[in-house]
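Asks: I'd like to ask you about the structure that follows.
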Amino acid sequence: MNESPEPSSSASDPAGRLSEVSRLASLLADRVLSAQIASQPIPKAHIHALLDAAIILEKYEVRLPPLLEQMVETLEDEDAGKPAGTEAEEPATEPVEGEEADAKRLAWLFRPFQGTKS
């Protein structure tokens, strides 16, 4: 009588929810890449959503969608090849650990995708 039409099946199915996060991240990564190719502005919210998705998927050891994984790998390669002295761009901060460190690392890696805010 007070039952909802469909019990919260997604709440009891973490694999299904992670699959949906992966699917949505793949679609959003495609949009971001298309916007970047077309030299269109990329909303900061899209970058944050991709960061959140990558962190969540990595935390639960779910493989990143291919396009998002490619973006991250490309950015990591660029990061590894950056010239000495570019470290001065970032202000000195206290060391962070765990998820916060991962979030900061991913945010820094996604900086080339951050265009004009819309």
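Asks: Taking the range 41-55 on its own, how many of its residues are touching a helix residue (DSSP H, G or I) at 6+ places or on another chain (Cβ under 8 Å) and not aliphatic (A, V, I, L, M)?
Replies: Here the count works out to 2.
Asks: Consider Val21 against the criteria (1) modelled with pLDDT of 90 or more; (2) open to solvent by 80 Å² or more (accessible area, probe 1.4 Å): it satisfies all of them except one. Which criterion is unmet?
Replies: (2)
Asks: Ala15: open to solvent by less than 60 Å² (accessible area, probe 1.4 Å) and modelled with pLDDT of 65 or more, yes or no?
Replies: no
Asks: Next up: Could you check the range 40-78 and list, in sequence order, the residues that are open to solvent by 50 Å² or more (accessible area, probe 1.4 Å), touching a residue at least 40 places away in the same chain (Cβ under 8 Å) and either of a type in the set (Gly, Ala, Ser) or not in a loop (DSSP other than H, G, I, E, B) (or both)?
Replies: Across the range 40-78, the qualifying residues are Lys44, Glu58, Lys59, Pro66.
Asks: Please determine whether any residue of the range 66-73 is out of contact with any Leu (no Cβ under 9 Å at 6 or more places or on another chain), of a type in the set (A, V, I, L, M) and at pLDDT 65 or above.
Replies: no
Asks: Condition first: modelled with pLDDT of 80 or more and open to solvent by 100 Å² or more (accessible area, probe 1.4 Å). Can you find one or more residues in the range 79-99 that meet it?
Replies: no
The values are calculated or read from the model by the stated rules, or taken from the named source; none is laboratory data. Predicted, not measured: the structure shown is a model, and the values here were computed from it. Using ideal geometry, Cβ is built from the backbone for each residue, glycine included, and neighbour counts are taken over all protein chains shown. Side chains included, ligands, DNA and RNA excluded: accessible areas come from the protein's heavy atoms. Shrake-Rupley method; radii C 1.70, N 1.55, O 1.52, S 1.80 Å.
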